[in-house]
Amino acid sequence: MECFKYLLVIGGAGILGSAIVKVFKNNSNLWKVIVIDYTENNLADKNIIIDRDQKLNEDIVKSICQEIEIYTKSFDAIFNVAGDWTKGSIKYIKVFSETEQMLERNYYSSLLGNFKFYLKVSCSFGY
């Protein structure tokens, strides 16, 4: 019986995340990789797709965690490589809304990674 290791990659469909998934999948058959992102990574064993236009809230996080827990109860490694950026110029008024969106996407992905690490250790939601 094979014993698998489990990897969570938040942002696993982006450039850096895809490279991480590729390294783990191409160099070992022992790693099962779960990706959380806005789009699918074809190399991942499981993709959890989140809606880019929806703010991350408690219900969405619970749903993500439930999807993960169907597949595994814990992780051997968690990578958060999700990020967002905005283009444009400081001279345009929409820089404020774009910056707010960029900060939310960067902050929430980090929060989600830490939350999943907490669950790995405690196995408790703490509602």
**Residue in segment 16-25 that is crowded, with 20+ Cβ neighbours inside 10 Å, in a loop (DSSP other than H, G, I, E, B) and either touching a residue at least 60 places away in the same chain (Cβ under 8 Å) or within 9 Å of the chain's Cα centre (by Cα) (or both) present** = no
**Message:** Can you say whether T39 is outside any helix (DSSP H, G or I), surrounded by fewer than 17 Cβ atoms within 10 Å (Cβ to Cβ) and modelled with pLDDT under 65, as far as the supplied structure shows?
**Reply:** no
**Prompt:** Any chance segment 78-97 includes a residue that's at pLDDT 85 or above, surrounded by fewer than 17 Cβ atoms within 10 Å (Cβ to Cβ) and under 13 Å from the mean Cα position of the chain (by Cα)?
**Reply:** no
**Request:** Can you give me the number of residues within segment 16-40 that are over 16 Å from A77 (Cβ atoms) and in contact with a Gly (Cβ under 6 Å, 6 or more places away or on another chain)?
**Result:** 1
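Which residue, of D59, D51, is in a loop (DSSP other than H, G, I, E, B) and either farther than 13 Å from A82 by Cα or not β-branched (V, I, T) (or both)? I'd like the intermediate steps shown before the answer.
Values: D59 fails: in a loop (DSSP other than H, G, I, E, B).
Exactly one residue qualifies, and that residue is D51.
The values are calculated or read from the model by the stated rules, or taken from the named source; none is laboratory data. Note that this is a predicted model, so its numbers are computed, not measured. Cβ atoms come from the backbone with ideal geometry, glycine included; neighbour counts cover every protein chain shown.
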